[in-house]
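J.: Handing you this structure, nothing more for now.
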Amino acid sequence: MRGLALAWLALLLAPGAGAASFDCGRPSTKLYRAICADPELSQLDEQVWNAYGERIKTLTPKQYEQVRDRHITWRRQRGRFDRGMVQLAEDYRRHLAWLNHPLLPLEGRYARADGAELDVEIDLQAPAGAPALIAIGRLGKLQWLPAQAGLPANSLRPDLGAAAPQPSVPLRDGVLQMVPSFVGLPRTPIRDCAFTLRWPDDGVRLEATGDCGADFTGDYAMQGPAHPWPRMPRPAAATPAP
């Protein structure tokens, strides 16, 4: 009996034992077995679980929909391409940084009543002291995006470029000020265009000055996820998604 008790104690004290967000005594997939076998991954898995559970308590219902959808997408895709343990740990650290980012509630899809669209993402590469957003808007056949380094302000670009990362714009005192570039077909000439974006409640108020090729000014309401996962209604206690 004493030997059995010592064996159970050794199992409980083993690196990573019980640290993951699931039962490592019964890992049901190859990914779960890999997480349980790696103390760092096991700890990161638990940290992501706890960070998500704490963060959704601070979100409005619309913000919760956006964050939960992206979190579920990440959970279902992590480790999918079997790129190795080092890359999997890096994916965990990036997702943890995203969950803890101060601008997370602002990220999402927004739309104006007439169909104009606005997509906002946080930039994890921006300096910690200057959190930044990547904001891209569409109206008809014209799209605007942050100005690219090396191009003149208000330039009309021929295309977006294949998988080209977009620059970000720092958010200061809840206000985003930017001089955009454009892609597509403007309705009017583009001269001296500048945008100011503010976030009242679950929306964005965009104010444009100058000639921006179209009328982008107005209030944009946060939308549901573009491709939402099937889900139950938001739990009253805001417990983490499985």
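Each value in this text was obtained by applying a stated rule to the coordinates, not by laboratory testing. Since this is a predicted model, take the numbers as computed values, not measurements. Every residue, glycine among them, receives a Cβ derived from its backbone with ideal geometry; neighbour counts consider all protein chains shown.
J.: From zero up to wherever the largest Cα-Cα distance of region 105-222 sits, split into 10 Å bins and tell me the percent of pairs in each.
T.: Spelled out bin by bin, region 105-222 gives 14, 49, 33, 4 percent.
J.: Of all the C-alpha pairs in region 12-99, what % are more than 15 Å from each other?
T.: 59 percent
J.: Sorting Ile134, Ile35 on the 10 Å Cβ count, fewest up front, what's the list?
T.: Ranking Ile134, Ile35 by Cβ neighbours within 10 Å, fewest first, gives Ile134, Ile35.
J.: Next question. In square nanometres and to one decimal, what's the mean projected area of the convex hull around the Cα atoms of region 92-141?
T.: 4.3 nm²
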